[in-house]
Amino acid sequence: SKAKLFDENTDIKTSFKDVAGLEGAKEEVQEIVDFLKTPEKYTSLGGKIPKGALLVGPPGTGKTLLAKAVAGEAKVPFFSLSGSDFVEMFVGVGASRVRDLFKQAKEKSPSIIFIDEIDAIGRARGKNAMSGSNDERENTLNQLLTEMDGFGTNTNVIVLAATNRADILDKALMRAGRFDRQIFVDLPDIVERKEIFEVHLRPIKKGEDLDIDFLARQTPGFSGADIANVCNEAALIAARKGNKAVHKQDFLDAVDRIIGGLEKKNKIIT
Ligand code: ATP
């Protein structure tokens with residue numbers, strides 16, 4: 001069987017409603033939605049539509065979600081791939097995979113290309129050389145730069161890429177006409193955590209003792225992904241107890257469990 005080179009989704013249902021908090025980032029990507037929907041409005045005065053933007057922030061903060069929401073709001077196809085499985089799985093075909101991806105995206109334009117973990121491809125050249133894979137990675141990176149430079153002004157494909165390490169990226173990626181915009185996606189503050197809880201509590205059968213402000217206070221340092229996890233865990237914990245709804249204590253148990261998991265993860269890192 002032939003391995004899939006990238007994902008293509010022409011019917012993204014994600015919208016800005018699914019992305020809680022991140023007001024600044026949403027405002028910035030709203031512009032990209034507008035460019036995709038009515039490019040003529042912007043090019044008519046001689047302006048050039050940006051080709052790429054970098055979403056920068058810690059893991060689990062909603063970068064992928066936001067990129068999907070751009071495609072969903074603009075109703076355009078979403079082409080995605082992850083920088084890390086590039087390096088791991090497709091030795092020898094990285095550059096052709098990039099070429100193919102851009103070809104498809106152009107054929108279906110207006111469209112979005114999303115590259116998750118771009119640092120796996122876009123690390124500054126000559127640093128952190130991994131055994132053998134480095135030439136391959138550089139070929140892939142060069143192909144990506146070539147493709148972005150080759151876009152005509154009316155191609156109408158916008159490339160979004162995510163990273164939590166913008167500092168290690170090759171500066172060539174950030175040059176004008178490439179990823180020349182950076183959009184910051186940070187960990188949520190208490191108000192944003194509350195909003196994220198509200199999104200992820202939508203499908204949950206809520207007990208009457210549930211207190212979202214309390215949950216937001218109990219979860220400093222949690223990412224959106226952690227909060228989504230808490231809500232899901234709480235529902236499973238409540239179900240295991242045979243309860244008819246998910247109560248405050250189930251959430252507290254879930255928070256403990258997630259904190260336990262986070263501590264373990266940190267131990268491995270440090
Ligand atoms: P990574 O850097 O690990 O790839 P990411 O920043 O791309 O992470 P996502 O994959 O977008 O994070 O987030 C994972 C999940 O966490 C989302 O699918 C969603 O369920 C939840 N989530 C994260 N941030 C938010 C948010 N701001 N609002 C609502 N849900 C969120």
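Some observations on this one:
- Within segment 238-257, the residues that satisfy the criterion of being surrounded by fewer than 20 Cβ atoms within 10 Å (Cβ to Cβ), of a type outside the set (D, E) and free of Cβ contacts under 8 Å to residues at least 40 places away in the same chain are A239, R240, K241, G242, N243, K244, Q249, L252, R257.
- Segments classed as helices (runs of 4 or more DSSP H), wholly inside segment 188-270, with at least 1 members that are modelled with pLDDT of 95 or more and within 20 Å of the chain's Cα centre (by Cα): 190-201, 224-240
- Residue count for segment 216-234, restricted to those that are more than 10 Å from the ligand (Cβ to nearest atom) and either basic (K, R) or open to solvent by 20 Å² or more (accessible area, probe 1.4 Å) (or both): 5
- Residues being in contact (Cβ under 8 Å) with a residue 60 or more places away in the chain, open to solvent by less than 50 Å² (accessible area, probe 1.4 Å) and polar (S, T, N, Q) are entirely absent from segment 2-25.
- Condition met for A74 (of a type in the set (A, V, I, L, M), at pLDDT below 90 and more than 16 Å from the ligand (Cβ to nearest atom)): no
- Contact map, segment 55-75: residues that are over 14 Å from E23 (Cα atoms) and of a type in the set (D, E, K, R) paired with residues that are in a strand (DSSP E or B) and more than 7 Å from the ligand (Cβ to nearest atom), Cβ distance under 7 Å, separation 6+ or inter-chain. Pairs shown: K68/F78.
- Residue match in segment 3-23 (condition: modelled with pLDDT of 90 or more, aliphatic (A, V, I, L, M) and assigned to a helix (DSSP H, G or I)): no
- The set of residues in segment 178-190 being surrounded by 13 or more Cβ atoms within 10 Å (Cβ to Cβ) and either more than 26 Å from G260 (Cβ to Cβ) or among the β-branched types (V, I, T) (or both) consists of R178, F179, D180, R181, Q182, I183, F184, V185.
- Filtered residue count, segment 40-55, keeping only those that are over 9 Å from the mean Cα position of the chain (by Cα) and at pLDDT 95 or above: 2
- Residues (within 6 Å of the ligand (Cβ to nearest atom) and within 17 Å of N9 (Cβ to Cβ)) located in segment 57-71: K63, T64, L65
- Taking the criterion of being within 14 Å of the ligand (Cβ to nearest atom), over 15 Å from A235 (Cβ atoms) and exposed (fewer than 15 other Cβ atoms within 10 Å of the Cβ), the residues of segment 191-215 that qualify are V191, E198.
The values are calculated or read from the model by the stated rules, or taken from the named source; none is laboratory data. Please read all numbers here as calculations on a predicted model, not as lab measurements. Cβ: placed from backbone, ideal geometry, glycine included. Neighbour counts: every protein chain shown. Just so you know, the surface numbers come from the protein's heavy atoms only, side chains and all, with ligands and any DNA or RNA stripped out. Shrake-Rupley method; radii C 1.70, N 1.55, O 1.52, S 1.80 Å.
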